[in-house]
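Below is one structure; the comments refer to it alone.
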Amino acid sequence: MIINPFKLERYFAIYEFTAKYLLSPSDCESLSMQELIDGADEESLQLWQQLKLGYTESKGHPILRQEIAKLYQNITIEDSITVVPEEGIFIAMNAILQKGDHVIVMDPIYQSLSELPKSLGCSVSNWKVEFKEEQWHLDIDFLERNISKNTKMIIVNFPHNPTGYLPSRETFDKMIEIAEKHDLYLFSDEMYWLLEHEEADRLPSVADIYKKGISLFGLSKSFSLPGLRLGWLTTRNHELIEKLAVLKDYTTICGSATSEILGIMALRQKEKILKKNKERIRGNIAAGKAFFEKHQKLFTWIEPKAGSIAFPKLNEKMKVGELCEKTVKEKNIMILPGEVFDYKGNHFRIGLGRENFKEILGELEEYIQELEDQL
């Protein structure tokens, strides 16, 4: 396998643990071990206290998979397999795609979702999320125009990283209809699911409503637990579930015993965890909007609809890579440039899920005023 360096992850590898301030993380403020255990129910506490640190079931702890199934309408315990989230992308692509297949992938997108199909010898068409009329837009007609005889899969990410875009239900349903019409697999990265800013905008999980749908979800973003490294793939295609299990034997084999029990605790506290995260995100959106509109000489604020990220635009008088380099060197603030997503526009990602977001904007304020004076 020939695969290119993962630009976003290499960027974080340099700055995530060296910069004092991170303006661009995509996860929500992490829960402490004590917070999680304090909110646990009696059964999961007993599981934790009696836990032996042995191997676990390859597809995941049965109780964990029962809790996972409760998030969905049509998913049962037999329709999921637990994974490290990135592992889920890797084994799904390897289970389904072959050299010569054609794949349609949203763009920009988390790099492995486009890079892995390419590394497997697939041709890739980029389905661009475009900035039009002051909002993000996805052209649904692009799908029909670009499906060919060898098209096997459509890859999407809703809520979208890095823009915070969420399609309308009409657009979403049309996408499902097109996939079904052409008998295509539909892989949906749903890592920011349940973080819709308005409940009415929430879309169903792809695996819930389409038999050739494969959904990726987990605890890293919406549930504030990236350190557990716990996610799952869901699909009602049981033949595919078995293929995924076979490939998992060559990656992690099974999950972490401790992460599985802590994951059960988290899923049983979902209402409390999600409520707190969404309240923080709403407050940070308001602060971000006020900050970027105050400095509209330099920035264009684009309101996200879902998730814990946004993708503002920098005035073309300065290259976004230059801004990011200056802020990390001169203010010790890491900002993620859109170029790590191979996005040609002058955009950068900000994270809306952390407690210190407003503090970081305060640290950035004086520096931005200086830049405005220079421009």
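The values are calculated or read from the model by the stated rules, or taken from the named source; none is laboratory data. Because the structure is a prediction, the values reported are computed rather than measured. We place every Cβ from the backbone using ideal geometry, glycine too, and count neighbours over all the protein chains shown. To get the accessible areas, we keep the full protein, side chains included, count just its heavy atoms, and leave off ligands, DNA and RNA. Shrake-Rupley method; radii C 1.70, N 1.55, O 1.52, S 1.80 Å.
Observations on the structure shown:
- Solvent-free Debye scattering, log10 I(q)/I(0), computed from the Cα coordinates of the chain at q = 0.15 Å⁻¹: -1.41
- Rounded to the nearest 20 debye, dipole of the chain from Cβ charges on Lys, Arg, Asp, Glu: 460
- The alpha carbon gyration tensor of region 78-223 gives principal lengths a ≥ b ≥ c with a/c below 1.5, which makes the shape rounded.
- Potential extension, Asn150-Leu51 segment - 0.36 nm per residue separation minus Cα distance: 30.8 nm
- Think of it as helices only: each DSSP H run of n ≥ 4 in the chain is worth -39500 (n - 2.57), and spread over all residues that comes to -12000 deg cm²/dmol at 222 nm.
- Of the trypsin sites (Lys or Arg not before Pro) found in region 25-112, those in coil by DSSP whose Cβ has at most 14 other Cβ atoms within 10 Å are Lys52, Lys70, Lys99.
- Taking the Cα centre of region 144-197 as origin and assigning +1 to Lys and Arg Cβ atoms and -1 to Asp and Glu Cβ atoms, the resulting dipole is close to 260 debye.
- Relative contact order (%) - criterion: Cα under 8 Å, at least six apart; region: region 169-260: 23
- Cα gyration tensor category, rounded, prolate or oblate, for region 180-294 with a/c compared to 1.5: oblate
- Region 291-329-region 202-256 distance, computed between alpha-carbon centres (Å): 33
- Calculated diffusion of region 261-310, Stokes-Einstein form, Kirkwood radius summed over Cα pairs, 20 °C and 1.002 mPa s, µm²/s: 169
- Dipole of region 33-269, positive direction: furthest Cα of Tyr72, Asn237, Thr251, with charges on the beta-carbon: Thr251
- Filter on Lys289/Lys313; Lys128/Lys317; Lys174/Lys211; Lys99/Lys149 - keep pairs with C-alpha separation over 21 Å: Lys128/Lys317
- Largest-first principal axis extents of the Cα set of region 1-55 (Å): 45, 35, 16
- With a Förster radius of 56 Å applied to the beta-carbon distance between Glu355 and Val246, the computed FRET efficiency rounds to 0.85.
- Where a label projected 7 Å from the Cα of Lys344 along Cα→Cβ would reach, residues of region 75-115 with amide N under 16 Å: 107-109
- Taking a ≥ b ≥ c as the square roots of the eigenvalues of the alpha-carbon gyration tensor, region 201-264 is classed oblate because a/c is 1.5 or more while a/b is no larger than b/c.
- Ratio of Rg to Rh for region 225-375: 1.09 [Cα atoms; Kirkwood radius as inverse mean 1/r over pairs].
- Computed E for Asp141/Lys289 - FRET, C-beta separation, R0 30 angstrom, nearest 0.05: 0.45
- Probe 1.4 Å, protein heavy atoms only - accessible area per residue of region 228-280 in square angstrom: 43
- Mean separation of Cα pairs under 8 Å and 6 or more residues apart, divided by the residue count, gives the chain a relative contact order of 25 percent.
- 20 Å Cα-Cα reach of Lys181 towards aspartates and glutamates, excluding residues that sit fewer than 8 places from it in its own chain: Asp101, Asp139, Asp141, Glu144, Glu170, Asp173, Asp208
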